[in-house]
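Scroll down for the structure; my scribbles are underneath it.
The values are calculated or read from the model by the stated rules, or taken from the named source; none is laboratory data. Keep in mind the model is a prediction, meaning the values are calculated, not measured. Note that each Cβ is placed from the backbone with ideal geometry, even for glycine, and that neighbours are counted across all protein chains shown.
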Amino acid sequence: MRVLASVLLAGLAFLALSSASQAQGDLAGHVTLHMPEGANWQVPAVVFLSGCGGVREVQDVYAREANEEGWAVLVVDSHGARGIGPSGSRLLVCTGLSMRGQARADDVFAALDMLRADPRIDASRLTLAGWSHGGWTVLDAMASAQAGERGDAAFAGVQGAFLIYPYCGPVIRARRDPVGAPFPVYPLLAGRDLIADHRACERLFTRQRAAGALIRPAVLLSEATHAFDAQDQPWDPRMRYDADQSAEAHLVFRRFLRTASAPSE
């Protein structure tokens, strides 16, 4: 029975690694690398995973912030790689009918492999940042790696993850499975979020911490709605852009990058 279990686990790991390799091929042409101006040395890099509506201006805004801190940014267009346009995003992805976080997790590992293969990138200083659906994706990628489905070096070089109003609802894998402790996770939650309830995330984070996860206390912006930092979101009465809260989120993001850049003791 133990032999059978080992064979099955090895098979699952092989399939997951093959899937990640396929995802890397599929992502080619659907990623944008923003390098710090004038960088002529290896720089740290952060992978950006957008919300369910796809890549928007908000990712470019945060990319500029990261570049000013000396970080490269790899923006992943998971939607474009799958031929999903704006209408499909809202009707299928944002409703959970297509491209759930478990499936999109392949993109996380493919993007990390891309950065590791780039000689301009310091592969020992990588991080992840996910908005809403992207935060869900990061958590489910962690659960996948913790289950032994991604190989021992799945998160090699990753120093942390920044989750911005992540979705923590009942369909995410991280509600059922441990995410482990491959790196610290820094959540930023919105107090008036009617789409990704911050209380669901707090409950999830409490359970995961009890299981050993390195999830730091969340920063809660009490007056913020979902997507409060995105000026170009389609109209939705549940979302409102807030310049002041956005500025605070940018400061928190910069602090995250500086923490991830700090040398290990």
Selection within the range 26-35 - hydrophobic (A, V, I, L, M, F, W, C), at pLDDT 90 or above and in a loop (DSSP other than H, G, I, E, B): Met35
Pro170 being in contact with a strand residue (DSSP E or B) (Cβ under 8 Å, 6 or more places away or on another chain) and either within 23 Å of Leu188 (Cα to Cα) or aromatic (Phe, Trp, Tyr) (or both): no
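Here is a yes/no grid of residues against (1) within 17 Å of the chain's Cα centre (by Cα); (2) within 30 Å of Pro237 (Cβ to Cβ); (3) in contact (Cβ under 8 Å) with a residue 40 or more places away in the chain:
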| site | (1), (2), (3) |
| --- | --- |
| Tyr186 | yes, yes, yes |
| Ala196 | yes, yes, yes |
| Ala200 | no, yes, no |
| Arg207 | no, no, no |
| Leu214 | yes, no, no |
Search result, residues across the range 124-141 that are over 20 Å from Val93 (Cβ atoms) and free of Cβ contacts under 8 Å to residues at least 60 places away in the same chain: Ser124
Residues of the range 162-191 satisfying the condition of being under 23 Å from Gly96 (Cα atoms) and in a strand (DSSP E or B): Phe162, Leu163, Ile164, Pro187, Leu188, Leu189, Ala190
Sole residue being surrounded by fewer than 18 Cβ atoms within 10 Å (Cβ to Cβ) and either charged (D, E, K, R) or modelled with pLDDT of 95 or more (or both), chosen from Gly169, Gly191: Gly191
Unique residue being small (Gly, Ala, Ser), surrounded by fewer than 22 Cβ atoms within 10 Å (Cβ to Cβ), within 25 Å of Gly160 (Cβ to Cβ) and modelled with pLDDT of 85 or more when the list is Gly38, Gly70: Gly70
Which listed residue is in contact (Cβ under 8 Å) with a residue 12 or more places away in the chain and either crowded, with 20+ Cβ neighbours inside 10 Å or not charged (D, E, K, R) (or both), from Ser78, Ser87: Ser78
Search result, residues across the range 136-166 that are surrounded by fewer than 22 Cβ atoms within 10 Å (Cβ to Cβ) and among the charged types (D, E, K, R): Glu149, Asp152
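Quick check on the range 197-212. Is at least one of its residues modelled with pLDDT of 95 or more, in a loop (DSSP other than H, G, I, E, B), closer than 17 Å to Thr137 by Cβ and touching a helix residue (DSSP H, G or I) at 6+ places or on another chain (Cβ under 8 Å)? Please lay out each step first, then the result.
Of the residues in the range 197-212, the ones modelled with pLDDT of 95 or more are 197-212.
Checking which are in a loop (DSSP other than H, G, I, E, B) leaves us with 197, 211-212.
Now restrict to residues that are closer than 17 Å to Thr137 by Cβ: none.
There is no residue in the range 197-212 that is modelled with pLDDT of 95 or more, in a loop (DSSP other than H, G, I, E, B), closer than 17 Å to Thr137 by Cβ and touching a helix residue (DSSP H, G or I) at 6+ places or on another chain (Cβ under 8 Å).
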